[in-house]
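The next block holds one structure in the form of structure tokens; read it before the comments.
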2 protein chains.
Amino acid sequence: MDLLGYIDSKREDHLNELKELLRIPSVSAQAQHKSDIEKAARWIAEKLRAAGLQKVAITPTKIHPLVYGESLEAPGKPTVLLYGHYDVQPAEPLELWTSPAFEPAVRNGNLYGRGTADDKGQVHIHLKALESLRNTSGKLPVNVKVMIEGEEEVGSVSLWDFVQQNRERLKADALVVSDTAMLAKGVPSITYGLRGLNYYELEITGPAQDLHSGVFGGAVPNPITILAETIAKLHDDNFRVAVPGFYDNVAKLSREERKALSSLPWKEKEFRRMVGAPDLCGEKGFTIGERLWVRPTLELNGIWGGYTGEGAKTVIPSTAHAKISTRLVPNQDPARIAKLVEKQIRKLLPKTVKHKFEVLSTGKPWVASYSHPIFQKAIHALETGFGKKAVFIREGGSIPFVTQMHDTFKVPCVLLGFGLPDENAHAPDEHISLENYFGGIKSVAVFYEQLATL
Amino acid sequence: MDLLGYIDSKREDHLNELKELLRIPSVSAQAQHKSDIEKAARWIAEKLRAAGLQKVAITPTKIHPLVYGESLEAPGKPTVLLYGHYDVQPAEPLELWTSPAFEPAVRNGNLYGRGTADDKGQVHIHLKALESLRNTSGKLPVNVKVMIEGEEEVGSVSLWDFVQQNRERLKADALVVSDTAMLAKGVPSITYGLRGLNYYELEITGPAQDLHSGVFGGAVPNPITILAETIAKLHDDNFRVAVPGFYDNVAKLSREERKALSSLPWKEKEFRRMVGAPDLCGEKGFTIGERLWVRPTLELNGIWGGYTGEGAKTVIPSTAHAKISTRLVPNQDPARIAKLVEKQIRKLLPKTVKHKFEVLSTGKPWVASYSHPIFQKAIHALETGFGKKAVFIREGGSIPFVTQMHDTFKVPCVLLGFGLPDENAHAPDEHISLENYFGGIKSVAVFYEQLATL
């Protein structure tokens, strides 16, 4: 049977197997899921072996294990390093899921569940593409090294150490990653730019303990109010980040790129529908696409303090907290930005409170040229898999590892994304389009096949 | 045995009995404690009967039942209406309690547990004072009507209906309430002023669902940021509430009262120690005591939105919430203030978000003259019970019912408070000083005895 026919014949098997993986709640940020993480790592290792990879190993790290396997049976052919992650975002708030986060369910041509798009579903696309190539041709057309980590959603803490320790072994002609989204449904896409990500946590302490807001209110520093006043000063009226020096090294968009980006088949109306807010907002002087892809941001990801239950509690809490992140673009330096943000927050805080500012992770942005011939192979493979024209896009999300690999190994990084912008990757009802999942397996298989002729 | 000797002989019994009541987690704000609330109501009814009161009844209301009993065996003598509440604040955050909130424990001369000071311990002082009077004299020296509600911590929703429906029955020569604190340890106090309380909840909705902060960040309204920006604009740089009209009707403090308040034995150093913040703050132009007792405030009591768990989650949440309260002073009108606060918030919010503003409760402030002779009886009783000089004070907390009763029945309201400012009434490690608990029983018994000679 030919490759594409074989893949078509296996649709049901592939989907059922993916559901197995999705049922394992491998949430890397939550300690209670430690054993689920380990279970997911063993599952990945087993499927790598099933795809015919050798030297499959689960390597313990500081936090969660990394799974590695390789197939070097194509002498003289290019070597591809595939990267993905088997850990997922927390599923909370659980009550907002239509079907439970870890009980995968098909509805309206989509597969729902935490990790469907980010990134288990996309990792599985590669596992099944490799397996299909082996089952139809007896061996893989190129040399493949596969590295699937379990810490992506907590900042890939150990990944770089692993790479450094295995530098020779990981050498490849290209890095391939499927952890991004297509521009829109029916528009297969290759991502050539990602924003960097710094993630911070801020704790503000006023009184030494919670106080009665009647007995003490009016004369003591309220950490919630002070936290709000501090956050409010982190943006100016033009939605620019009001941290001195924040924009110092931001690269200016070239006229050519601005034009290319603005001519993409991107529909503002569709974007507005996805967001569902009364109106959009953003940095003055830039289009929506530019705000999302090429401009840096500061976003609040969480806030909490005081009484958050039902009804009333008249308390002035001792502490209030916020989770804050900055998305970075070339040529912002993550370490410098972290220092600038902390410095500004320290400057804004009154002397009535204490604070703790923690940098949970930092990550560089990445933007690359797509002139290398491998990108034409990728575009062709996507068009074969989907029967539709493929495009080059940038994305607002972050995969710090791509930047590090690109900087270190100086090889092309090919980001084949099979998610969609409304996939709810970090939110309830995360899903992957079945068209993209099945089209993805075909595209990736064709891509690996085509690489043999590079 | 004489009254005070009898009370001394019963210390252990009284304390053990109070612990029974404290073990019932009668949290009125949390639905899961419905049956505990009912248990506490039955407990109170039983003890009223034990103190010899008649017609003891548990009256169902919209939310939580009210317990009533009376003793009208002293014809020609004054009638006192006693008010208290058996419901308590939520105990969260539970992990901050030294000993569990509903397992009362004695340490350092204090009894710890939710409700020890607010208000179960103080209600129990009256129950045991009445019982002691009956057990030593065979009958009560005055007529007593006792009304203990279960909704004080959720805004006394049904209390006023009950009063209106039982207006004739509740007629009395004075209202007595023990739900306040003494100025300081060793300074028995009568409170002649309370602030009013309005409590609000604000919900802000940006995107229709949670969004990935990388994919969407920079182009969509973040409800946390917008909530913070809104809160930040509710105070000016002088810590005044920046709601137009908020101060319009605030009564000016007379020179005499300002002088009387400033000469109270109140120690700023002790207050700073209790608060434990790096510094205090408050409205410009007023002393700390004035900020606490005679000036209105706006405080944030809770805030939440987005990811609040461990680690990082890169989400732009759909909603963010705040619990806000205003403390009111004469002659602010609670309904008008609620409208002004809502109007200002609506004005401050950008058109990119939707919002929901809910008024959970409103309550008028109360300040009264203490020229009626009953206050001299009270001062004398406190000095007998504690062996120390008693003073007249105002307090920052709120008992809306006192205002309503005062306005309606035009009788003196005597607030005999046995809490202390550092009792943590709405916070972890709430406690009552044993000296105050036992001194309170004596004082209240002497007070009722003395009222016979009014």
Worksheet item: Just how large is the dipole of the range A:299-345 about the Cα centre, in debye to the nearest 20, putting +1 at every Lys and Arg Cβ and -1 at every Asp and Glu Cβ?
Response: 140
Worksheet item: Dipole of chain A (Lys/Arg Cβ +1, Asp/Glu Cβ -1, origin at the Cα centre): which of A:Ser254, A:Ala232, A:Phe418 lies farthest to the positive side?
Response: A:Ser254
Discussion item. Suppose every Lys and Arg Cβ carries +1 and every Asp and Glu Cβ carries -1, with no other charges. What dipole size does the range A:74-132 come out with about its Cα centre, to the nearest 20 debye?
Written reply: 320
Worksheet, complete the sentence: Measuring from the longest principal axis of the C-alpha atoms of chain A, the long axis of helix A:223-232 (C-alpha) lies at a number of degrees, nearest 10, equal to 60
Worksheet item: According to a simple spin-label model (label point 7 Å from Cα along Cα-to-Cβ), what is the distance in nm between A:Thr59 and A:Tyr247?
Response: 4.2
Practice prompt. Let me know the Rg and Dmax you get for chain A when you use only its Cα atoms, in Å.
Written response: 23.1, 80
Worksheet item: Given labels modelled 7 Å from the Cα in the Cβ direction, how far is it in nm from B:Asp8 to A:Glu358?
Response: 5.5
Fill in: Ratio of Rg to Rh over the protein assembly as shown (Cα coordinates, Kirkwood Rh, two decimals)
1.10
Item to complete: Note the angle between two axes, namely the Cα long axis of helix A:434-451 and the longest principal axis of the Cα atoms of chain A, as a number of degrees from 0 to 90, rounded to the nearest 10.
Response: 60
Discussion item. Just to check I understand the Karplus step: with θ = phi - 60° and J = 6.51 cos²θ - 1.76 cosθ + 1.60, what whole-Hz values come out for the range A:51-61, glycine and proline as x?
Written reply: 7, x, 6, 10, 6, 6, 9, 9, 9, x, 9
Discussion item. For A:Lys252, give me every one of the aspartates and glutamates with a C-alpha distance below 19 angstrom, ignoring sequence neighbours fewer than eight places off in its own chain.
Written reply: A:Glu283, A:Glu290, A:Asp333, A:Glu395
Discussion item. Using the basic label-point model (7 angstrom from Cα toward the beta carbon), what is the A:Thr453 to A:Lys351 distance in nanometres?
Written reply: 7.4
Fill in: Charge-dipole axis of the range B:1-158 as Lys and Arg at +1 and Asp and Glu at -1 on Cβ define it, positive-most pick from B:Leu94, B:Gly113, B:Pro65
B:Pro65
Practice prompt. At 0.36 nm per residue, minus the direct Cα-Cα distance, what do B:Glu103 and B:Glu257 gain on full extension? Give it in nm, one decimal, please.
Written response: 51.2 nm
Discussion item. If you fit an axis through the alpha-carbon atoms of helix A:400-409 and take the longest principal axis of the Cα set of chain A, what angle between them do you get, 0 to 90°, nearest 10?
Written reply: 50
Worksheet entry | Violating pairs (Cα-Cα greater than 25 angstrom) within the set B:Lys284/B:Lys388; B:Lys185/B:Lys269; A:Lys284/B:Lys354 | B:Lys284/B:Lys388
Response to the item:
Computed curve, the range B:48-168, Cα-only Debye sum without solvent term, log₁₀ I(q)/I(0) at 0.17 Å⁻¹, is -0.94
Fill in: D (Stokes-Einstein, µm²/s), Kirkwood Cα radius, the range B:312-420, 0.692 mPa s at 37 °C
183
Discussion item. Taking a point 7 Å out from Cα toward Cβ as the label site, list the nm distances between A:Glu12 and the same residue in every other copy, smallest first.
Written reply: 7.9
Item to complete: Compute the label-point distances linking B:Thr408 to its equivalents in the other copies; points lie 7 Å from Cα along Cα→Cβ; give nm, one decimal, shortest first.
Response: 7.4
Item to complete: Give the order of B:Thr136, B:Thr362 when sorted by the count of other beta carbons within 10 angstrom, beginning with the fewest.
Response: B:Thr136, B:Thr362
Item to complete: Report the paramagnetic label zone for B:Arg273: residues of the range B:422-454 whose backbone N is under 14 Å from a point 7 Å from Cα along the Cα-to-Cβ axis.
Response: B:422-423
Worksheet, complete the sentence: A correct Stokes-Einstein calculation for the range A:150-253, using the alpha-carbon Kirkwood radius, 20 °C and 1.002 mPa s, returns a whole-number D in µm² s⁻¹ of 108
Worksheet item: Using unit Cβ charges (K, R positive; D, E negative) and no other charged atoms, how large, in debye to the nearest 20, is the dipole of the protein assembly as shown about its Cα centre?
Response: 1640
Worksheet item: Hey, with R₀ at 41 Å, roughly what FRET efficiency would B:Leu434 and B:Ala31 work out to, going by the Cβ-Cβ distance, to 0.05?
Response: 0.75
Response to the item:
For A:Asn249, inter-copy label-point distances (7 Å, Cα→Cβ), nm, shortest first, read 5.9
Discussion item. Helix-only estimate, please: 222 nm mean residue ellipticity of the protein assembly as shown, summing -39500 (n - 2.57) across DSSP H runs of length 4 or more and dividing by its residues, to the nearest 500.
Written reply: -10000 deg cm²/dmol
Response to the item:
For A:Asp210, B:Asp87, A:Asp407, ascending order of other Cβ atoms within 10 Å (fewest first) is A:Asp407, A:Asp210, B:Asp87
Practice prompt. For the range A:122-208, just list the percent of Cα-Cα distances falling in each 5 Å bin from zero outward, please.
Written response: 3, 8, 13, 17, 19, 15, 9, 5, 3, 3, 2, 1, 1, 0
Practice prompt. Would you be so kind as to identify which of A:Gly196, A:Ser318, A:Tyr6 lies farthest towards the positive end of the dipole of chain A, taking Lys and Arg as +1 and Asp and Glu as -1 on Cβ and the Cα centre as origin?
Written response: A:Gly196
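Readers should treat all values here as calculations from the given coordinates under stated rules, not as data from a laboratory. In this text, all values refer to a predicted model and were calculated from it rather than measured experimentally. Every residue, glycine as well, gets a Cβ built from its backbone with ideal geometry; the counts of neighbours run over all protein chains shown.
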